[in-house]
Amino acid sequence: MKILAYGIREDEKPFVKEWEQENPEVDVEITDQLLDDETVAMAKGFDGVVVYQQKPYTDTVFEKLDSYGIHNVSLRNVGVDNMNPATVKKYGFKVTNVPVYSPAAIAEFSVTQLMNLLRRTKEYFHKFERGDFRWAPQISQELNQQTVGVIGTGHIGRVAIDIYKGFGAKVIAYDVYHNPELEKEGLYVDTLDELYAKATVVTLHIPLFPSTEHMLNKEAFDKMRDGVFIVNASRGPLIDEQALIDALDSGKVAGAALDVLEDETKVFNHNMVGKNMTYPEFWNLNSRENVLISPHTAFYTNIAVQNMVKFSLSANKDLIETGTSDKLVKFD
Ligand code: NAD
(Lines give C-alpha, C1' and ligand atoms only; values in the text may rest on other atoms or scores of the structure.)
Protein backbone atom coordinates (compact mmCIF):
# COMPACT_ATOMS: atom_id res chain seq x y z
CA MET A 1 0.00 0.00 0.00
CA LYS A 2 1.35 3.42 -0.96
CA ILE A 3 0.26 6.79 0.43
CA LEU A 4 1.47 10.19 -0.76
CA ALA A 5 1.43 12.96 1.85
CA TYR A 6 1.32 16.48 0.39
CA GLY A 7 2.46 19.71 2.03
CA ILE A 8 4.55 18.04 4.72
CA ARG A 9 6.41 20.57 6.90
CA GLU A 10 9.74 19.92 8.65
CA ASP A 11 8.02 19.60 12.03
CA GLU A 12 5.72 16.88 10.68
CA LYS A 13 8.48 14.66 9.26
CA PRO A 14 9.46 12.84 12.50
CA PHE A 15 5.81 11.88 13.09
CA VAL A 16 5.46 10.50 9.54
CA LYS A 17 8.59 8.41 10.21
CA GLU A 18 7.20 7.16 13.53
CA TRP A 19 3.89 6.20 11.90
CA GLU A 20 5.73 4.31 9.14
CA GLN A 21 7.65 2.36 11.77
CA GLU A 22 4.35 1.49 13.46
CA ASN A 23 2.82 0.50 10.07
CA PRO A 24 5.65 -1.20 8.16
CA GLU A 25 3.25 -2.60 5.55
CA VAL A 26 2.55 0.95 4.29
CA ASP A 27 4.96 2.93 2.14
CA VAL A 28 4.53 6.68 2.79
CA GLU A 29 6.13 9.18 0.48
CA ILE A 30 6.17 12.87 1.33
CA THR A 31 6.40 16.15 -0.54
CA ASP A 32 6.44 19.72 0.73
CA GLN A 33 4.29 20.75 -2.27
CA LEU A 34 0.58 21.38 -1.89
CA LEU A 35 -1.99 19.44 -3.89
CA ASP A 36 -2.99 21.39 -7.01
CA ASP A 37 -3.54 20.99 -10.75
CA GLU A 38 0.20 20.57 -11.39
CA THR A 39 1.29 18.47 -8.40
CA VAL A 40 -1.65 16.06 -8.59
CA ALA A 41 0.32 14.06 -11.19
CA MET A 42 2.70 13.00 -8.40
CA ALA A 43 -0.11 10.85 -6.97
CA LYS A 44 -0.13 8.48 -9.95
CA GLY A 45 0.62 4.95 -8.73
CA PHE A 46 -0.39 5.69 -5.11
CA ASP A 47 -3.42 4.24 -3.31
CA GLY A 48 -4.29 7.32 -1.29
CA VAL A 49 -3.37 10.93 -0.50
CA VAL A 50 -2.99 12.86 2.74
CA VAL A 51 -3.18 16.66 2.67
CA TYR A 52 -3.24 19.87 4.72
CA GLN A 53 -3.77 23.20 2.99
CA GLN A 54 -5.85 26.37 2.98
CA LYS A 55 -5.41 26.49 -0.82
CA PRO A 56 -8.55 25.26 -2.65
CA TYR A 57 -8.78 21.68 -3.86
CA THR A 58 -9.83 22.30 -7.48
CA ASP A 59 -12.26 20.20 -9.48
CA THR A 60 -9.33 19.24 -11.75
CA VAL A 61 -7.55 17.73 -8.75
CA PHE A 62 -10.48 15.38 -8.10
CA GLU A 63 -10.90 14.60 -11.81
CA LYS A 64 -7.21 13.64 -12.12
CA LEU A 65 -7.13 11.61 -8.91
CA ASP A 66 -10.20 9.76 -10.19
CA SER A 67 -8.38 8.99 -13.46
CA TYR A 68 -5.49 7.51 -11.39
CA GLY A 69 -7.98 5.27 -9.55
CA ILE A 70 -7.65 7.20 -6.25
CA HIS A 71 -10.94 7.94 -4.49
CA ASN A 72 -9.84 9.04 -1.04
CA VAL A 73 -8.37 12.18 0.51
CA SER A 74 -7.39 12.36 4.17
CA LEU A 75 -6.99 15.80 5.71
CA ARG A 76 -4.56 16.40 8.56
CA ASN A 77 -6.76 19.33 9.65
CA VAL A 78 -10.48 19.88 10.30
CA GLY A 79 -11.91 22.20 7.64
CA VAL A 80 -13.30 20.94 4.32
CA ASP A 81 -14.56 24.37 3.22
CA ASN A 82 -11.88 24.56 0.48
CA MET A 83 -13.40 21.51 -1.26
CA ASN A 84 -16.48 21.50 -3.50
CA PRO A 85 -18.90 18.91 -2.02
CA ALA A 86 -20.58 18.42 -5.43
CA THR A 87 -17.22 17.42 -6.99
CA VAL A 88 -16.40 15.12 -4.05
CA LYS A 89 -19.73 13.35 -4.58
CA LYS A 90 -19.54 13.36 -8.39
CA TYR A 91 -16.30 11.33 -8.40
CA GLY A 92 -17.30 9.16 -5.43
CA PHE A 93 -14.55 10.33 -3.09
CA LYS A 94 -14.30 9.49 0.58
CA VAL A 95 -12.79 12.28 2.66
CA THR A 96 -11.58 12.07 6.24
CA ASN A 97 -10.47 14.84 8.60
CA VAL A 98 -9.05 15.10 12.13
CA PRO A 99 -11.75 16.95 14.10
CA VAL A 100 -10.13 16.47 17.51
CA TYR A 101 -6.33 16.42 17.77
CA SER A 102 -5.51 18.06 21.10
CA PRO A 103 -8.17 20.13 22.89
CA ALA A 104 -5.59 20.77 25.64
CA ALA A 105 -3.33 22.60 23.19
CA ILE A 106 -5.95 25.27 22.53
CA ALA A 107 -7.29 25.37 26.08
CA GLU A 108 -3.82 25.79 27.61
CA PHE A 109 -2.96 28.56 25.14
CA SER A 110 -6.18 30.45 25.95
CA VAL A 111 -5.40 30.31 29.67
CA THR A 112 -1.78 31.33 29.06
CA GLN A 113 -2.86 34.39 27.09
CA LEU A 114 -5.42 35.37 29.71
CA MET A 115 -2.69 35.20 32.35
CA ASN A 116 -0.43 37.32 30.13
CA LEU A 117 -3.23 39.90 29.97
CA LEU A 118 -3.86 39.83 33.70
CA ARG A 119 -0.12 40.14 34.48
CA ARG A 120 0.40 42.79 31.75
CA THR A 121 3.43 41.00 30.32
CA LYS A 122 3.35 42.88 26.98
CA GLU A 123 3.77 46.18 28.81
CA TYR A 124 6.62 44.81 30.94
CA PHE A 125 8.32 43.38 27.86
CA HIS A 126 8.22 46.78 26.14
CA LYS A 127 9.43 48.56 29.30
CA PHE A 128 12.30 46.07 29.56
CA GLU A 129 13.26 46.68 25.93
CA ARG A 130 13.48 50.42 26.75
CA GLY A 131 15.64 49.69 29.81
CA ASP A 132 12.87 50.66 32.24
CA PHE A 133 12.98 48.04 35.00
CA ARG A 134 10.47 49.63 37.40
CA TRP A 135 7.44 47.53 38.29
CA ALA A 136 4.94 50.37 38.92
CA PRO A 137 2.41 51.36 37.76
CA GLN A 138 1.52 48.09 35.96
CA ILE A 139 -0.37 46.57 38.86
CA SER A 140 -1.77 43.16 37.88
CA GLN A 141 -4.81 41.04 38.60
CA GLU A 142 -4.99 37.46 39.90
CA LEU A 143 -6.65 34.64 38.01
CA ASN A 144 -8.07 33.09 41.18
CA GLN A 145 -10.18 36.25 41.67
CA GLN A 146 -11.82 36.08 38.24
CA THR A 147 -15.25 34.83 37.23
CA VAL A 148 -14.48 33.16 33.92
CA GLY A 149 -17.44 32.96 31.55
CA VAL A 150 -16.82 30.07 29.17
CA ILE A 151 -18.99 30.16 26.03
CA GLY A 152 -18.94 26.68 24.49
CA THR A 153 -18.31 23.62 26.64
CA GLY A 154 -17.26 21.13 23.96
CA HIS A 155 -13.86 19.46 23.73
CA ILE A 156 -11.80 22.63 24.23
CA GLY A 157 -14.12 24.54 26.56
CA ARG A 158 -14.27 21.60 28.98
CA VAL A 159 -10.47 21.35 29.25
CA ALA A 160 -10.27 25.11 29.74
CA ILE A 161 -12.84 24.87 32.55
CA ASP A 162 -10.74 22.22 34.36
CA ILE A 163 -7.64 24.41 34.11
CA TYR A 164 -9.47 27.50 35.37
CA LYS A 165 -10.88 25.55 38.29
CA GLY A 166 -7.36 24.33 39.09
CA PHE A 167 -6.27 27.96 39.41
CA GLY A 168 -9.12 28.65 41.80
CA ALA A 169 -11.14 30.84 39.44
CA LYS A 170 -14.93 30.82 39.58
CA VAL A 171 -16.27 29.37 36.33
CA ILE A 172 -19.66 29.94 34.73
CA ALA A 173 -20.60 28.51 31.35
CA TYR A 174 -23.06 28.89 28.51
CA ASP A 175 -23.77 26.34 25.79
CA VAL A 176 -26.80 25.43 23.71
CA TYR A 177 -26.08 21.82 24.73
CA HIS A 178 -25.51 21.02 28.41
CA ASN A 179 -22.78 18.56 29.29
CA PRO A 180 -24.23 16.33 32.05
CA GLU A 181 -21.09 16.45 34.24
CA LEU A 182 -20.91 20.25 34.15
CA GLU A 183 -24.67 20.41 34.66
CA LYS A 184 -24.22 18.45 37.92
CA GLU A 185 -21.61 20.98 39.03
CA GLY A 186 -24.11 23.81 38.40
CA LEU A 187 -21.78 25.73 36.10
CA TYR A 188 -24.32 26.65 33.45
CA VAL A 189 -26.15 29.95 33.27
CA ASP A 190 -29.38 30.04 31.25
CA THR A 191 -28.64 32.98 29.02
CA LEU A 192 -25.71 34.79 27.48
CA ASP A 193 -26.99 37.98 29.12
CA GLU A 194 -26.53 36.36 32.52
CA LEU A 195 -22.99 35.30 31.62
CA TYR A 196 -22.16 38.80 30.36
CA ALA A 197 -23.53 40.35 33.55
CA LYS A 198 -21.45 38.11 35.84
CA ALA A 199 -18.19 37.32 34.04
CA THR A 200 -14.97 39.28 34.52
CA VAL A 201 -13.49 37.21 31.68
CA VAL A 202 -15.37 36.04 28.57
CA THR A 203 -13.69 33.23 26.62
CA LEU A 204 -15.04 31.84 23.35
CA HIS A 205 -14.95 28.12 22.50
CA ILE A 206 -17.77 27.79 20.00
CA PRO A 207 -17.80 27.18 16.24
CA LEU A 208 -18.46 29.87 13.66
CA PHE A 209 -21.94 29.63 12.15
CA PRO A 210 -24.02 32.38 10.50
CA SER A 211 -25.86 32.51 13.84
CA THR A 212 -22.66 33.01 15.89
CA GLU A 213 -20.97 35.55 13.58
CA HIS A 214 -20.38 38.80 15.51
CA MET A 215 -21.75 37.19 18.67
CA LEU A 216 -19.57 39.68 20.54
CA ASN A 217 -20.85 42.95 19.05
CA LYS A 218 -21.59 46.39 20.55
CA GLU A 219 -24.79 45.13 22.13
CA ALA A 220 -22.97 42.22 23.80
CA PHE A 221 -20.07 44.39 25.03
CA ASP A 222 -22.58 46.90 26.47
CA LYS A 223 -24.06 44.10 28.60
CA MET A 224 -20.68 43.08 30.03
CA ARG A 225 -19.04 44.26 33.22
CA ASP A 226 -16.72 47.25 33.04
CA GLY A 227 -13.11 46.09 32.70
CA VAL A 228 -13.94 42.65 31.29
CA PHE A 229 -11.19 40.60 29.60
CA ILE A 230 -11.93 38.87 26.29
CA VAL A 231 -10.24 35.70 25.00
CA ASN A 232 -10.85 34.33 21.50
CA ALA A 233 -8.96 31.25 20.30
CA SER A 234 -11.98 30.02 18.38
CA ARG A 235 -12.81 31.86 15.13
CA GLY A 236 -12.17 35.54 14.29
CA PRO A 237 -15.61 36.51 12.95
CA LEU A 238 -17.19 35.62 16.31
CA ILE A 239 -16.09 39.13 17.33
CA ASP A 240 -17.01 42.38 15.58
CA GLU A 241 -13.52 43.91 15.58
CA GLN A 242 -14.69 47.52 15.29
CA ALA A 243 -17.01 47.01 18.27
CA LEU A 244 -14.08 45.54 20.23
CA ILE A 245 -11.93 48.55 19.34
CA ASP A 246 -14.68 50.88 20.59
CA ALA A 247 -15.06 48.84 23.79
CA LEU A 248 -11.29 48.99 24.39
CA ASP A 249 -11.36 52.77 23.79
CA SER A 250 -14.15 53.25 26.33
CA GLY A 251 -12.49 50.99 28.91
CA LYS A 252 -15.44 48.59 28.90
CA VAL A 253 -12.96 45.91 27.80
CA ALA A 254 -9.73 45.94 29.83
CA GLY A 255 -7.83 43.66 27.48
CA ALA A 256 -8.21 41.08 24.76
CA ALA A 257 -6.26 38.00 23.71
CA LEU A 258 -6.95 37.14 20.08
CA ASP A 259 -5.52 34.03 18.43
CA VAL A 260 -7.89 34.52 15.52
CA LEU A 261 -9.00 37.60 13.56
CA GLU A 262 -11.92 38.44 11.29
CA ASP A 263 -9.68 38.78 8.22
CA GLU A 264 -6.76 36.65 9.36
CA THR A 265 -5.98 34.94 6.04
CA LYS A 266 -4.53 38.30 4.94
CA VAL A 267 -1.93 38.11 7.68
CA PHE A 268 -1.49 34.79 9.40
CA ASN A 269 0.85 32.10 8.15
CA HIS A 270 2.57 34.59 5.80
CA ASN A 271 5.95 36.21 6.25
CA MET A 272 4.94 39.88 6.08
CA VAL A 273 8.39 41.30 6.83
CA GLY A 274 8.89 44.39 4.66
CA LYS A 275 5.46 44.06 3.08
CA ASN A 276 2.55 46.47 3.24
CA MET A 277 -0.71 45.19 4.57
CA THR A 278 -4.02 47.03 4.59
CA TYR A 279 -5.97 45.89 7.60
CA PRO A 280 -6.73 48.93 9.81
CA GLU A 281 -8.41 46.94 12.59
CA PHE A 282 -5.35 44.67 12.88
CA TRP A 283 -2.94 47.61 13.17
CA ASN A 284 -5.21 49.35 15.66
CA LEU A 285 -5.54 46.29 17.88
CA ASN A 286 -1.90 45.25 17.55
CA SER A 287 -0.67 48.70 18.66
CA ARG A 288 -2.38 48.36 22.03
CA GLU A 289 -0.48 47.23 25.16
CA ASN A 290 -3.59 45.44 26.40
CA VAL A 291 -4.24 43.40 23.26
CA LEU A 292 -2.34 40.22 22.53
CA ILE A 293 -2.54 38.90 18.99
CA SER A 294 -1.12 35.52 18.04
CA PRO A 295 -1.23 34.02 14.53
CA HIS A 296 -3.80 31.22 15.02
CA THR A 297 -1.12 29.33 16.87
CA ALA A 298 -3.10 27.88 19.79
CA PHE A 299 -3.24 24.44 18.17
CA TYR A 300 0.45 24.29 17.32
CA THR A 301 2.03 21.84 19.76
CA ASN A 302 4.03 18.65 19.31
CA ILE A 303 1.08 16.53 20.49
CA ALA A 304 -1.41 18.22 18.15
CA VAL A 305 0.90 17.92 15.12
CA GLN A 306 1.70 14.31 15.97
CA ASN A 307 -2.02 13.49 16.18
CA MET A 308 -2.86 15.36 12.96
CA VAL A 309 -0.19 13.40 11.09
CA LYS A 310 -0.82 9.98 12.62
CA PHE A 311 -4.64 10.12 12.73
CA SER A 312 -4.81 11.21 9.07
CA LEU A 313 -2.42 8.48 7.90
CA SER A 314 -4.36 5.85 9.86
CA ALA A 315 -7.66 7.13 8.43
CA ASN A 316 -6.25 6.98 4.90
CA LYS A 317 -4.99 3.43 5.51
CA ASP A 318 -8.49 2.48 6.77
CA LEU A 319 -10.12 3.98 3.66
CA ILE A 320 -7.79 2.07 1.37
CA GLU A 321 -8.20 -1.21 3.27
CA THR A 322 -11.87 -1.14 4.23
CA GLY A 323 -13.47 1.69 2.24
CA THR A 324 -14.48 3.49 5.41
CA SER A 325 -13.11 5.22 8.52
CA ASP A 326 -14.38 6.61 11.81
CA LYS A 327 -13.12 10.01 10.58
CA LEU A 328 -15.27 10.11 7.45
CA VAL A 329 -16.59 13.60 6.60
CA LYS A 330 -20.28 13.71 5.78
CA PHE A 331 -21.05 16.19 2.98
CA ASP A 332 -24.71 17.23 3.12
P1 NAD B 1 -16.80 21.26 19.96
O2 NAD B 1 -17.68 21.01 18.79
O3 NAD B 1 -16.30 20.10 20.74
O4 NAD B 1 -17.53 22.26 20.98
C5 NAD B 1 -18.25 23.39 20.56
C6 NAD B 1 -19.34 23.66 21.57
O7 NAD B 1 -19.99 24.87 21.19
C8 NAD B 1 -20.41 22.56 21.64
O9 NAD B 1 -20.58 22.13 22.97
C10 NAD B 1 -21.67 23.24 21.10
O11 NAD B 1 -22.86 22.77 21.70
C12 NAD B 1 -21.38 24.69 21.45
N13 NAD B 1 -22.15 25.64 20.66
C14 NAD B 1 -22.44 25.61 19.34
N15 NAD B 1 -23.15 26.68 18.99
C16 NAD B 1 -23.33 27.42 20.11
C17 NAD B 1 -24.00 28.65 20.39
N18 NAD B 1 -24.61 29.33 19.43
N19 NAD B 1 -23.97 29.11 21.64
C20 NAD B 1 -23.33 28.41 22.62
N21 NAD B 1 -22.70 27.24 22.42
C22 NAD B 1 -22.69 26.76 21.18
O23 NAD B 1 -15.60 22.13 19.40
P24 NAD B 1 -14.15 22.28 20.04
O25 NAD B 1 -13.27 21.17 19.54
O26 NAD B 1 -14.26 22.53 21.50
O27 NAD B 1 -13.65 23.61 19.30
C28 NAD B 1 -14.25 24.87 19.56
C29 NAD B 1 -13.76 25.86 18.51
O30 NAD B 1 -12.35 26.10 18.69
C31 NAD B 1 -13.83 25.32 17.08
O32 NAD B 1 -15.08 25.46 16.52
C33 NAD B 1 -12.81 26.14 16.37
O34 NAD B 1 -13.46 27.29 15.89
C35 NAD B 1 -11.82 26.53 17.45
N36 NAD B 1 -10.45 25.99 17.26
C37 NAD B 1 -9.41 26.88 17.28
C38 NAD B 1 -8.11 26.42 17.15
C39 NAD B 1 -6.93 27.37 17.20
O40 NAD B 1 -5.79 26.98 16.91
N41 NAD B 1 -7.12 28.62 17.60
C42 NAD B 1 -7.87 25.06 16.97
C43 NAD B 1 -8.97 24.18 16.97
C44 NAD B 1 -10.24 24.66 17.13
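The values are calculated or read from the model by the stated rules, or taken from the named source; none is laboratory data. Values in this document were obtained by computation on a predicted structure and should not be read as measured data. Note that each Cβ is placed from the backbone with ideal geometry, even for glycine, and that neighbours are counted across all protein chains shown. SASA here: full protein model, heavy atoms, side chains in, ligands and nucleic acids out. Shrake-Rupley method; radii C 1.70, N 1.55, O 1.52, S 1.80 Å.
Computed values, structure above
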item: Cβ-based net charge around T121, under 11 Å, with every Lys or Arg adding one and every Asp or Glu removing one; result: +2
item: Protein-only accessible surface order, largest first, of F331, F229 at 1.4 Å; result: F331, F229
item: Beta bridge orientation in the chain: antiparallel %, DSSP, nearest 5; result: 5
item: The stretch 1-50 shape via C-alpha gyration tensor axes, a/c threshold 1.5; result: oblate
item: For the chain, built as a Gaussian network whose Cα springs stay under 10 Å, the top-fluctuating residue of H270, H178, H296; result: H270
item: Given charges at Cβ of Lys, Arg, Asp, Glu: the chain dipole, positive-most of M308, I139, S110; result: I139
item: Where only alpha carbons of the chain are counted, the Rg and the Dmax (Å); result: 22.2, 68
item: Accessible area of the stretch 103-293 belonging to carbon and sulfur atoms, whole % at 1.4 Å probe; result: 53
item: Range of Cα positions in the stretch 103-293 per principal axis (Å), largest first; result: 51, 39, 31
item: Rounded accessible area per residue of the chain, 1.4 Å, Å²; result: 50
item: Selected from H126, L65, V95, residue furthest toward positive end of dipole (the chain; charges at beta carbon); result: H126
item: Area of D162 that stays accessible when all protein chains are in place (1.4 Å probe, Å², to 10); result: 100
item: Local electrostatic count at R9 - Lys and Arg +1, Asp and Glu -1, tallied over other residues with Cβ under 14 Å; result: -1
item: Candidates Y164, Y68, Y196, ranked by Gaussian network fluctuation over the chain, Cα under 10 Å, top entry; result: Y68
item: Prolate/oblate/rounded call for the stretch 188-319, Cα gyration tensor, a/c under 1.5 rounded; result: oblate
